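Note sheet for the following structure.
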Amino acid sequence: MNKKEGDYLKNNKAQMQIGFGMIFSVILIVVFIVFAVYGIIKFLDIQKFAQIESFKQDFQNHITDALRSDSISKPMSYSLPKNIRQVCFANNKDENMYFVPSEYEGALLKNIDIAKTITSPGSINRKLCIDVQSGKFSVVIKKETNENLVTLTK
């Protein structure tokens, strides 16, 4: 074996060790990227649920404010996650507001005249569903002078 053949064998051995180190590094990078993507997805899901809860609280506060006023007919607009297609109101003792699709929990709103709301113009089959367009939900909050509860309409 001459000197050139011996150098060639040593270089091949070194290349194999570098190759294993590189493969291990690539595997670690892929694992870190997978965990980062998973974390971002979970964070965005939490953000959507927080947005829903904030909407519920703001909506209930606006209903309560309308109840305190003598009379009001005020269009309101709220931001919701873009995957929600509709917000519906129905006469249900557990929740009188729910979302379509139903991956988010609805709410039991207080101080609304649900019977009048679900029979208002635009309601179908004893429920009122209002479309959410591009993440924007618009509703009119009404209360007449002689009424004790608030009515919701399109």
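A short reminder: the numbers here are calculations on the coordinates, not readings from a lab. These numbers come from a predicted model, not from an experiment. Here the Cβ is made from the backbone with ideal geometry for all residues, glycine too, and neighbour counts use every protein chain on show.
Annotation: amide H of LEU80 within the under-5 Å range of LYS136, PHE137, sequence separation 5 or more or interchain, hydrogens built in the peptide plane.
Spacing of the modelled spin labels on LEU149 and ASP131, each 7 Å from Cα toward Cβ, amounts to 2.8 nm.
Dipole size of the stretch 46-153 about its Cα centre, with +1 on Lys/Arg Cβ and -1 on Asp/Glu Cβ: approximately 200 debye, rounded to the nearest 20. Average projection, convex hull of the Cα set of the chain: 13.8 square nanometres. In order along the stretch 107-120, the Karplus-derived 3J(HN,Hα) couplings, from 6.51 cos²θ - 1.76 cosθ + 1.60 at θ = phi - 60°, round to 8, 9, 6, 9, 6, 10, 7, 5, 5, 6, 5, 7, 10, 6 Hz, and Gly and Pro are given as x.
Computed on the chain, with alpha-carbon pairs under 8 angstrom and 6+ residues apart, the relative contact order is 22 percent. The amide H of GLN86, built 1.01 Å from its N in the peptide plane, has VAL100, VAL132 as neighbours under 5 Å, considering only residues 5 or more places off or on other chains. Taking label positions 7 Å along the Cα-Cβ direction at both LYS110 and PHE35, the computed distance is 4.5 nm, reported to one decimal. Label sites at ILE46 and SER138, each approximated as a point 7 angstrom past Cα along Cα to Cβ, lie 3.4 nm apart. Shown in residue order for the stretch 77-84 are the 3J(HN,Hα) couplings computed by the Karplus curve 6.51 cos²θ - 1.76 cosθ + 1.60 at θ = phi - 60°: 10, 10, 9, 9, x, 5, 7, 7 Hz (x for Gly and Pro). When the trypsin sites (Lys or Arg not before Pro) in the stretch 74-138 are filtered for DSSP coil states and for at most 14 other beta-carbon atoms within 10 Å of their beta-carbon, the remaining sites are LYS82, ARG85, LYS93, LYS110, ARG126. Since only VAL37, THR119, LEU80 are under comparison, the one whose Cα sits farthest along the positive direction of the charge dipole of the chain, derived from C-beta charges on Lys, Arg, Asp and Glu, is VAL37.
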